[in-house]
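Accompanying notes for the structure given below.
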Ligand code: FAD
């Protein structure tokens, strides 16, 4: 979506909520190494949770990182549901190359460009017949793509270093806006007065579009020194002095950077800026602290679905997803990315007929590996495996093969039950709590904007040992309120009380004057035919293969994969609170553990009885033999006596 449209939506929401919260955008750069790219992939997930209005990805002026910038934009849109802006510099690119990049951006669904001239890299060459200034690029984009792209341009509160004069620079800035730019994002500055003065000057010469301050938080001492030297921006004395005092302590430098940034933004917000552009430098933690420090988290309202809806054109209408991939969205996107259209309103039989792509081992290995940690933790028994599942839900481990990201530990009441279940060797890979008409504004579970109500059925999915499945199924069946589906690795054994093809909605929401939305479902066909294979294969491709063939760990994981059952349970009672007497998933599991213990002690008792009986029988046999011997002896003696007589 174009930035101007996003801002309009933001303002509508502000109106509905009677607030005047500012929006914010994050700027990221394409990392040069694969390690850096992997780290950015993880951070994008976290940054997306902060709900920026847009993220923008910088462009290597020399052209070195160009495809990476495009790829990051695509990923951010498709997987993280972010709107993106691609930076594009024109100085070192031919018109043909620029055309190709714009076309490629369009095909990837990118709708915003930050049109820049760029710096000529040292020793770099200016291309023949190329574009000389950013204004030429703005015209070039408009000429080819009319209004398809939203266009931003750069502004320099202290004047651009090559400018003939500050006034001349402003004059050229106006030219860029007159050529079709919708917005200005500024170079970093550290004195709010400089920005406010600049904005005033822009208005005086008739620039009417939004002027968004570019804010660079201080994250490291050396980085700050390098940047300020390069950009030649003014640094107020209190910042230089403050930083000098803490420069040898990395943590204190970040603390200082965060608090300086928060103070500066507060001042700008007071003075009426409508948005803030943060140069994130690919960091998450300090940025999160800044957003929290500014109390801007209510922007969670922007989350329109429980999962992050892609912003690419083709998937924009998508409104429903199966719960199984709730924690593996990347894999779901992969499986479905050949679909021409996506389920809306309802997930019916036809949807499941849609062809899911086959997920090859190569892809299973690639999509969110958790390897480096797991490699160093051998799993010689099911107890070791159970411990890893437990450490994951309690936050000591950040992911497992079935869940790509750290869980939100604020789900405390449910968490206790989950830990209890895991300690009893129920290997949980997915769950959601019961919600009965909570407000859509709710910080943790809310979505879809203000004024709505959210409903949700409890859901739980886990692996369980084969010798326990029959008893569990018996209890699930008896509960009356639960729908379950259990299957083994090759799908040859199935236990279910659901009718074939019966899709169960597990999350839905009601908004005033709108049709009910039901964004999360359980589809048994999809579970059995698609998710089952992936869920079982993850034992192998993401876990077993971290160990040498034949080792204990390798064998343990192979055995679990080959013999365990995958079970999902939907608790249809979303109304009642969890009282001990009530039937629900966790109480059923609790009864299951009790029953198992009873059976176990009964079995032990029986064993003891049996042993006693065997011992008694042995004793009897012995006594019998003694008796027989005695009798024999006696009769022999009698015979002898008789003989003597
Ligand atoms: P222009 O607006 O073209 O201005 C360049 C200079 O020429 C100025 O001095 C201006 O006064 C003068 N000028 C402008 N028009 C004319 C004209 N018609 N006739 C004569 N003089 C003129 N660089 C990157 O390489 N990659 C990035 O991703 C990137 N992102 C940036 C993001 C932001 C928010 C900012 C502020 C800068 C970014 N830069 C990036 C840096 C930018 O490329 C450099 O500052 C570059 O030197 C100027 O680019 P510009 O688009 O501002 O140029």
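Every number here is computed from the coordinates shown, using simple stated rules; none is lab data. Note that the coordinates shown come from a computational prediction; the quantities given were computed from them, not determined experimentally. Heads up, the Cβs are rebuilt from the backbone with ideal geometry, glycines too, and the neighbour counts pull from every protein chain shown.
By how many degrees, between 0 and 90 and to the nearest 10, does the Cα long axis of helix 552-563 differ from the longest principal axis of the chain?
80 degrees
Compute the distance from the alpha-carbon center of the stretch 353-408 to that of the stretch 224-290, in whole Å.
If you average the Cα positions of each part, the centres end up 37 Å apart.
Please give the peptides 450-457, 198-205, 618-625 ranked by average Cβ packing (other Cβ atoms within 10 Å per residue), highest first, as a rough proxy for protection.
The most tightly packed comes first, giving 450-457, 198-205, 618-625.
If I take R0 = 51 Å and measure r between the Cβ atoms of residue 617 and residue 373 in this structure, what FRET efficiency does the formula 1/(1 + (r/R0)^6) give, to the nearest 0.05?
Values: r = 55 Å, r/R0 = 1.09.
The value I calculate is 0.40.
Order these peptides, 48-56, 476-484, 135-143, 491-499, by their mean beta-carbon neighbour count within 10 angstrom, highest first.
The peptides rank, most packed first, as 48-56, 135-143, 476-484, 491-499.
So between residue 591 and residue 627, what do we pick up on full extension, going 0.36 nm a residue minus the alpha carbon distance?
Between residue 591 and residue 627, full extension yields an extra 7.8 nm.
Grab the Cα-Cα distance for residue 37 and residue 20, subtract it from 0.36 nm times how many residues apart they are, and report the gain in nm with one decimal.
Details: separation 17, 0.36 × 17 = 6.12 nm, distance 3.57 nm.
Roughly 2.6 nm would be gained on extension.
Using a 10 Å cut-off around each Cβ, can you sort 29, 230, 342 from fewest to most neighbouring Cβ atoms?
On the way: 29 21, 230 10, 342 18.
Exposure proxy ranking, most exposed first: 230, 342, 29.
With the crude spin-label approximation of a point 7 Å out along Cα→Cβ, what separation in nm comes out for residue 601 versus residue 248?
If labels sit at residue 601 and residue 248, their model points lie 6.5 nm apart.
By how many degrees, 0 to 90 and rounded to 10, does the Cα axis of helix 34-49 deviate from the longest principal axis of the chain?
It is inclined by approximately 90 degrees.
Taking the Cα atoms only, what angle lies between the long axis of helix 382-393 and the longest principal axis of the chain, rounded to 10 degrees?
30 degrees
Once label points are set 7 Å from the Cα along Cα→Cβ at both residue 148 and residue 103, what is their separation, rounded to one decimal in nm?
Calculated label separation equals 1.0 nm.
For residue 225 and residue 94, FRET efficiency with R0 = 30 Å and r from the beta-carbon atoms, rounded to 0.05?
Working: r = 36 Å, r/R0 = 1.20.
So the FRET efficiency works out to roughly 0.25.
Let me understand the stretch 3-298 better: what is its radius of gyration from the alpha carbons, and its Dmax, in angstrom?
Rg then Dmax for the stretch 3-298, in Å: 18.5, 54.
Does the chain come out rounded, prolate or oblate, given a ≥ b ≥ c as the square roots of the eigenvalues of its C-alpha gyration tensor, rounded meaning a/c under 1.5 and, failing that, prolate meaning a/b above b/c?
prolate
At a Förster radius of 35 Å, what calculated FRET efficiency corresponds to the Cβ-Cβ distance of residue 357 and residue 128, to the nearest 0.05?
Computed FRET efficiency for residue 357 and residue 128: 0.20.
With n ≥ 4 as the cut-off for DSSP H runs, can you work out [θ] at 222 nm for the chain, using -39500 (n - 2.57) per run divided by the number of residues, rounded to the nearest 500?
-14000 deg cm²/dmol
By count of other Cβ within 10 Å, fewest leading, how are 172, 221 ordered?
Exposure proxy ranking, most exposed first: 172, 221.
Which of rounded, prolate or oblate describes the stretch 539-645 when judged by the alpha-carbon gyration tensor and an a/c cut-off of 1.5?
Oblate is the answer for the stretch 539-645, as a/c is 1.5 or above yet b/c matches or exceeds a/b.
Could you order the peptides 33-40, 92-99, 561-568 from most to least packed, using the average number of other C-beta atoms within 10 Å per residue?
For the peptides 33-40, 92-99, 561-568, the packing ranking is 561-568, 92-99, 33-40.
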